[in-house]
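Here the structure is laid out as structure tokens; the discussion comes afterwards.
The values are calculated or read from the model by the stated rules, or taken from the named source; none is laboratory data. All values reported here derive from a predicted model rather than from experimental measurement. Every residue, glycine as well, gets a Cβ built from its backbone with ideal geometry; the counts of neighbours run over all protein chains shown.
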Amino acid sequence: MGKKLLNATICRVDALEAELIATKKGLHEALTRQEELLAYMDNQEESKFRVMIEGNWILSGVITKAGAENDDINKQKVYSSWKETNFSTQWCYENYIQVRSMKRARDMQDQLEGLLERVEI
């Protein structure tokens, strides 16, 4: 009788473990899909306000050169423009840029500056 009960319990635990694994996998897939959708939405939002004029992109009132090799330079130009407004939230709204992303960039820059100071560079 005890052995039968133990086997039934083990079977139930195995079933719960399989259900947990499936749930975890489903959750991971949902989170991955959510990240993809957010990135797609950001890209769509940005592309609405990006205009090509004579080989240059006009983005957020900052003229930038077209081409993937200039992405970092373009981002720095946008960040510098935001910094000139004393990190204004209103500037982000006016230029169709997500405030959250800009704040994240500022936090990363502050962190990098702190690390460079720590290693005396």
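Just a yes or no: is a residue in region 18-31 modelled with pLDDT of 75 or more and closer than 25 Å to residue 102 by Cα?
Quick first cut of region 18-31, residues modelled with pLDDT of 75 or more only: 18-31.
Still in the list and also closer than 25 Å to residue 102 by Cα: 31.
Yes - at least one qualifying residue is present in region 18-31.
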- Item | In region 93-121, the residues that are surrounded by 10 or more Cβ atoms within 10 Å (Cβ to Cβ), at pLDDT below 85 and among the hydrophobic types (A, V, I, L, M, F, W, C) | 97
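Could you say which residue among 84, 46 is modelled with pLDDT of 85 or more, out of contact with any Leu (no Cβ under 7 Å at 6 or more places or on another chain) and surrounded by 10 or more Cβ atoms within 10 Å (Cβ to Cβ)? Walk me through how you get there before you give the answer.
Numbers: 46 fails: modelled with pLDDT of 85 or more.
84 is the lone residue from the list that is modelled with pLDDT of 85 or more, out of contact with any Leu (no Cβ under 7 Å at 6 or more places or on another chain) and surrounded by 10 or more Cβ atoms within 10 Å (Cβ to Cβ).
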- Message: Could you list, ordered by first residue, the pairs with Cβ atoms under 9 Å in which the first is in region 74-89 and over 9 Å from residue 102 (Cβ atoms) and the second is of a type in the set (Gly, Ala, Ser), at least 6 apart or interchain?
- Response: 75/105; 77/60; 81/60; 81/61
